[in-house]
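Here, each number is a calculation from the coordinates, and none is a lab measurement. Note that the structure is predicted; figures quoted are calculated from it, not measured. With ideal geometry, Cβ positions are generated from the backbone for all residues, glycine too; neighbour counts draw on all protein chains shown.
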Amino acid sequence: MARPRIAWFSPLQPVESGISLYSEDILPVLSRVMDIDVYVEGYRPSALVETDSLHVHDASTFSAGSCDLAVYQVGNSPAHIYMIPDAERHPGLLVLHDTMLNHLFIQEAARNGNLLSYRDEMARRYDDDGASAADRVLRGQAPDDLFRFPMSERLVDASRATLVHSHFARNQTLERSPSAAVYRVPHGLYLPDNVDREKARHSLGIPTDQFLIASISHINPHKRIDVVLRALKELRRTIPARLILAGSVSPMFPLGRMVNHLGLDQVVETPGYVSDPEARLIAAAADVIVNLRYPTAGETSGSLLHAMAAGRPVLVSQTGSFTEVPAGTVVPVPVDALELETLVAYLAKLAADPELRVDLGRRARRFIEQEHSLSRWVNGYVDVISEVTGMDVPYPEIEESFEPVPIRPADASGVADDPLNQSLARDIAELGLGGNEALLRDLASARVELGLGVGKISSESSDPDSISGGKDVERTDQSDQ
């Protein structure tokens, strides 16, 4: 049986990108059943080990005739500019990590010294509204309404097929490019070993008696870090909490000034971009992990999945693909006028209830085991590559580090009687928010809907049209809309 030859375009370490880690996790496994040439831009990788079936080349040497399929790993950052010309000239499989790529194309135009071409394309695709947004960009602004103009259809329409990691991203992509072939494959990962909290804290030099909140992700204006910092300041009125913000910092976000302005210099650590082992150690040391973002770029957050796999409770924004994560495995925080108050209330509740933290962390890890395993991820890729190339590619042998345990849906009748739900109003009152009756009602109602104490988890979280490791690939194009 002939092995397919794949050209794989992706940043790799030392490029500081979650997609670098993503590719470095999956490539060694895929290369067991296919020959892969990885194309990068002008550097040698610092972590990926080459083998007889896995080689790294400079992108300038790529020739379309040398492969059965080119796979382009594209995200909304400058690390992906180099692959745009090949993705348009030599159509292949587009792996769309963000359904919004506007910032990528701004950077491309700036690198090419032709920002007016960006404005022209915005006007052509989105009429006067797009031109107006582009004009603000050319004046040095970064308007939030750029999220209305994704620009990703430029690459989707040029590709043979597109792969995404969520139903939200699939639906957005098909809405903009209804004739595209779009596949959904669960984002998977290696399940990390359980690391003892106290041992992790000892390694990091963190006191064991403080409530530790962590954020392990690139820091930019859309990650709601300003809200997290204000929540920390409010929380510290009653709880000795501290915060680690691990991740590279966007030049558009004044993190240092913000921490200083709020008087949090002594309780907020900002180590910058950290290695994968360091990130896992921080997650293990944390009591709670926050992974907020708004507006959403249509991404499936790898940092969220790794946080859940660490067995820690994770607070997420109730938007985008995050809404696909079952209640009871994460704590959804609404992105509305009550965002700050809700975040403070949930953090206070989690700080006061170690058993709840353990329960949520256990549910989070079990969800990752079941829905985001390495085998589902890898076999989904094999299915899509087989479908697009017409080649029958076998699944590689994978030894998972766990025994998948089915997650049973909770008895909904027990949700309203949960003592955690009954105590929420008291917790909010103790935080000094009791005068806001509407807030009390909304949070108590949200508590019941989330079912945090009883695990309101669906056992049918994957739609039948998604690729989840079975050989029967179903294409999600306009026929299922």
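Brief remarks follow.
- Formal net charge of residues neighbouring LEU48 (Cβ-Cβ distance under 13 Å; K, R +1; D, E -1): -4
- Isotropically averaged projected area of region 197-370, using the convex hull of Cα atoms (one quarter of hull area), nm²: 9.3
- Per-residue extension of 0.36 nm, minus the Cα-Cα distance of ARG237 and ARG136, leaves a gain of 32.3 nm for this segment.
- Over all projection directions, the Cα-based convex hull of region 46-101 averages an area of 4.7 nm².
- Near the amide H of ALA214, within less than 5 Å, lie the amide hydrogens of ILE244, VAL288, ILE289, VAL290, all on another chain or at least 5 residues away, with H placed in the peptide plane.
- Summed residue charge, Cβ within 15 Å of GLY272's Cβ, Lys/Arg positive, Asp/Glu negative: -3
- Taking the fewest neighbouring Cβ atoms within 10 Å as the starting point, the ordered list for GLU399, GLU198 is GLU399, GLU198.
- Cβ-based exposure ranking for LEU101, LEU116, LEU281, in which fewest neighbours within 10 Å come first: LEU116, LEU281, LEU101
- Taking amide H as placed 1.01 Å from N in the peptide plane, HIS57 has its amide H under 5 Å from the amide H of VAL38, TYR39, VAL40, each at least 5 places away in sequence or on another chain.
- Distance between the 7 Å Cα→Cβ label points at ASP128 and SER275: 5.6 nm.
- Loop-resident sites, region 1-89, for chymotrypsin sites (Phe, Trp or Tyr not before Pro), counting at most 13 other Cβ within 10 Å (DSSP): TYR43
- According to the calculation over all Cα-Cα pairs in region 315-375, the P(r) per 10 Å bin from zero is 21, 47, 28, 4, 0 %.
- Charge context of ALA133, other residues only, Cβ under 14 angstrom, K/R +1, D/E -1: -2
- Extension gain for the segment THR61 to GLU153, taken as residue separation times 0.36 nm less the Cα-Cα distance, is 30.4 nm to one decimal.
- Which of THR323, THR300 has the fewest Cβ neighbours within 10 Å, and the rest in rising order: THR323, THR300
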